[in-house]
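Just below is one structure, and these are the notes that go with it.
No lab work stands behind these numbers, since they all come straight from the coordinates. Computed from a predicted model, the values in this text were never measured in an experiment. Reconstructed Cβ throughout: ideal geometry from the backbone, glycine too, with neighbour counts over all protein chains shown.
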Amino acid sequence: MKYKSQKVAYWFFAFSLLLLFLQIIYGFIMGFDRIGLQGLHEIIPFNTARAVHTNLLVVWLLSGFMGAAYYIIPEEAQHELVSVKLAYVQLISLAVVAVTAIIGFHFNIWEGRKFLEIPRPLDYLVVVNVLLFLGLILLTLFKGKRKTTTALVLSMGLLFAALLYLPGMIPFDSQVLDSFFRWWVVHLWVEGVWELIMGGILSFLLIKLTGVDREVIEKWLYVIVGLTFLSGILGTGHHYYYIGVNKIWIIVGGIFSALEPLAFLAMALFAVNMYRKGEKKHPNKTALLWTIGSAIVSFIGAGLLGFAHTLPQTNIYTHGTLVTAMHGHLAFWGAYAMIVFAIISYALPNMTGRKFLDSNVGRMAFWISNIGMIGMTISFGVAGVAQVYMERIMKMEFMAVQKLISIHFVVLIILASLFTIGILLYMYEFIKHGTPTDEALETQEN
Amino acid sequence: MLSKKQARAFFLGGTVVTFLIFIGLTVYSLSSAQDQTNKENLTEQAIRGKHIWEKNNCMGCHTLLGEGAYYAPELTKVIDRRGEGYIKAVLMSPVPWQPNGRKMVAYKMSESDAEDVIAFFKWIGKIDLNGFDRVVSPLAKKNN
């Protein structure tokens with residue numbers, strides 16, 4: 001750690017992990033619901049559990065990205081964060097918004113729009129919160145001694161993510177228009193600007209961990225984010241095939257979303273090549289594992305599994321089935337959760353001064369959580385494909401099919417338990433590092 | 001070999017061009033001439049129904065236009081499939097509806113609220129979905 005203000009990142013990371021833990025609990029509630037164990041139905045019905053599960057995902061990832069930015073930007077800009085106090089105010093307000101929204105979901109206070117369930121008054125608070133965050137990051141960057149491509153791409157991703165929240169706040173009477181613009185937020189986040197954030201974090205980590213020249217890494221960063229936008233923006237069309245808009249999207253969405261895996265393939269090749277090219281072998285093996293792992297798993301989860309149901313002729317069968325849940329789980333895990341874990345693993349020893357850089361527990365956390373998540377993805381996949389065949393090809397009734405595939409959710413719960421053990425090991429490592437201290441300042445070259 | 005400057009130009013150029021095309025296609029596909037949603041039939045009652053749909057986060061279990069949570073049935077053509085009476089009974093039920101054991105929240109809706117939701121489903125059922133409703137069996141009455 002080079003700047004005292006980087007310490008603020010720790011608390012964003014801690015908040016992230018806490019929310020992840022809660023997210024997993026609500027995931028289990030849904031899993032049990034699906035096998036007929038609905039003991040909590042009166043207090044936490046499925047739609048509440050689902051809204052909490054997905055919204056917590058969004059908030060913990062955002063909190064992780066914000067922590068990453070608070071750690072990376074001062075170091076890249078070579079300038080202390082302009083105000084540490086305001087960064088804490090921002091964290092507390094983020095926590096207040098998240099907790100209020102989640103409590104509200106238990107009392108039927110929500111918007112009922114997939115992924116954007118946060119009620120309108122809280123939306124305004126989110127906007128204020130994000131403006132404060134962006135103000136702090138951009139001002140630090142502006143006052144800094146240097147403006148690197150890594151910092152610019154990361155900040156641009158965060159800025160666009162904030163701007164793209166706005167179309168989701170426009171009210172529509174038509175369900176079709178509502179859906180259309182909801183995807184401007186959700187799709188253009190996860191298959192657009194969030195990839196900029198991921199690319200920025202990945203680039204920072206590769207520069208630090210492999211020792212490859214910054215110019216080389218940042219050049220490829222441009223190529224990757226270029227491919228992301230080139231395919232991802234028009235790839236939004238894959239959400240528009242069958243929701244009641246013009247057929248033009250079937251052609252445009254079909255072509256461009258088929259290109260989307262290229263960005264993830266480039267990201268995976270880039271990370272692996274930089275690692276092989278790097279002469280310096282950084283002692284933080286855990287961070288390296290998560291970094292390279294993120295690039296590879298995101299290609300499988302977001303790239304390949306996304307491609308598996310993005311073509312219009314396949315999607316007409318898989319649209320609105322568990323096949324989406326299969327792709328969603330591994331995509332979010334690989335692309336976003338793992339990159340947040342990578343930056344935490346890199347930053348934590350630097351902020352706390354405790355160098356647990358290559359521990360057995362750290363390695364186990366990586367492998368167990370990944371095996372668990374890949375197993376969960378396979379369970380969703382088997383359930384989803386069976387659902388497609390029985391419901392949409394053999395024309396069986398919805399609930400009859402659900403009963404037949406419920407066995408896959410028993411398997412899912414077992415594998416989710418394995419995944420949870422991996423996450424708990426990661427959290428154990430996090431806690432073992434203790435809290436950040438000024439004594440850790442400049443204790444290492446990076 | 002590609003220089004950093006060229007890489008940046010590729011990123012900025014590609015982004016601007018595709019974004020402009022995206023905006024153009026949005027304007028085109030949402031123009032009145034291309035409307036597939038019979039928006040002229042979107043009545044006040046159907047809009048009230050949409051608000052009830054959202055207020056209760058029905059999408060948190062069901063799917064509509066193929067979007068939702070895959071826990072409960074697709075409702076795009078539910079009127080054709082089940083008829084108004086059945087839907088009204090489900091929405092007004094004082095105890096959780098549980099077909100095949102899977103529980104739905106008991107919304108205990110008033111008759112007029114239930115009718116608003118039905119008006120909403122009726123409007124949804126008339127949208128041209130580019131063939132999706134022909135593939136998805138539970139949507140069409142004849143397949144049941």
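Compute the semi-axes of the equivalent ellipsoid of region B:1-137, taking the square root of 5 times each eigenvalue of the Cα gyration tensor, and list them largest first in whole Å.
Gyration-tensor ellipsoid for region B:1-137: 40, 19, 14 Å.
Taking every alpha carbon pair in the protein assembly as shown, what does the distance histogram look like in 10 angstrom bins from 0, in percent?
That works out to 3, 17, 28, 27, 16, 7, 2, 0, in percent per bin.
Please get the size of the charge dipole for region B:37-143, origin at its Cα centre, with Cβ charges of +1 on Lys and Arg and -1 on Asp and Glu, quoted in debye to the nearest 20.
Dipole about the Cα centre, nearest 20: 340 debye.
What percent does the relative contact order of chain A come to when contacts are Cα pairs within less than 8 Å and at least six residues apart?
Value for chain A: 16 percent.
If the only charges are +1 at each Lys and Arg Cβ and -1 at each Asp and Glu Cβ, what is the size of the charge dipole of region A:325-400 around the Cα centre, to the nearest 20 debye?
220
If Lys and Arg each add +1 and Asp and Glu each add -1, what is the summed charge of the other residues whose beta carbon sits under 12 Å from the beta carbon of B:ILE52?
-1
Compare the Cα positions of A:ILE109, A:PHE12, A:PHE46 along the charge dipole of region A:1-147 (+1 at Cβ of Lys, Arg; -1 at Cβ of Asp, Glu; about the Cα centre) and return the one farthest towards the positive end.
After comparing all options, I get A:PHE12.
In debye to the nearest 20, how big a dipole does the protein assembly as shown give about its Cα centre with +1 on each Lys and Arg Cβ and -1 on each Asp and Glu Cβ?
860
In region B:25-59, which trypsin sites (Lys or Arg not before Pro) are in a loop and have at most 16 other Cβ atoms within 10 Å, using DSSP for the loop call?
Passing sites in region B:25-59 do not exist.
Could you state the number of Å between the C-alpha centres of region A:316-361 and region A:187-241?
About 16 Å separates the Cα centre of region A:187-241 from the one of region A:316-361.
Measure up A:LYS145/A:LYS355; A:LYS143/A:LYS281; A:LYS7/A:LYS280; A:LYS395/B:LYS77; A:LYS143/A:LYS285 against 24 Å on the Cα-Cα distance and list the ones that go over.
A:LYS145/A:LYS355; A:LYS143/A:LYS281; A:LYS7/A:LYS280; A:LYS143/A:LYS285
Compare A:PHE430, A:PHE65, A:PHE264 in a GNM of chain A, Cα atoms joined below 10 Å, and give the one with the largest fluctuation.
Maximum fluctuation in the GNM of chain A, among the listed residues, is at A:PHE430.
Can you tell me, using C-alpha contacts under 8 Å and at least 6 residues apart, the relative contact order of chain B as a whole percent?
26
Taking springs between alpha-carbon atoms closer than 10 angstrom, which of A:ILE339, A:ILE251, A:ILE423 fluctuates most in the Gaussian network model of chain A?
Answer for the Gaussian network model of chain A: A:ILE251.
May I ask for the angle, rounded to the nearest 10°, between helix A:84-105 and the longest principal axis of chain A, with both axes built from Cα atoms and the value confined to 0 to 90°?
Long axis of A:84-105 versus the principal axis of chain A: about 10 degrees.
Taking only DSSP H segments of four or more residues, each worth -39500 (n - 2.57), what value at 222 nm results for chain A once the sum is divided by all its residues, to the nearest 500 deg cm²/dmol?
The helix contribution divided over chain A gives -24500 deg cm²/dmol.
Build a GNM of chain A with springs between Cα atoms under 10 Å: which of A:LEU330, A:LEU404, A:LEU418 gets the top mean-square fluctuation?
So, out of A:LEU330, A:LEU404, A:LEU418, the one fluctuating most is A:LEU404.
When all C-alpha to C-alpha distances in region A:264-355 are sorted into bins of 10 Å, what percent of pairs does each bin hold, rounded to whole numbers?
Once binned at 10 Å, the Cα pair distances of region A:264-355 give 17, 37, 26, 14, 6, 0.
What list of ³J(HN,Hα) couplings, whole Hz, do you get for region A:296-302 from phi and the Karplus terms 6.51, -1.76, 1.60, once you set θ to phi - 60° and write x for glycine and proline?
Couplings: 6, 5, 5, 5, 5, x, 7 Hz.
Apply the membrane-span-like helix rule to chain B: whole DSSP H runs, Cα extent along the own long axis of at least 15 Å, mean Kyte-Doolittle hydropathy at least 0.5. List the helices found.
Span-like helices in chain B: B:4-30.
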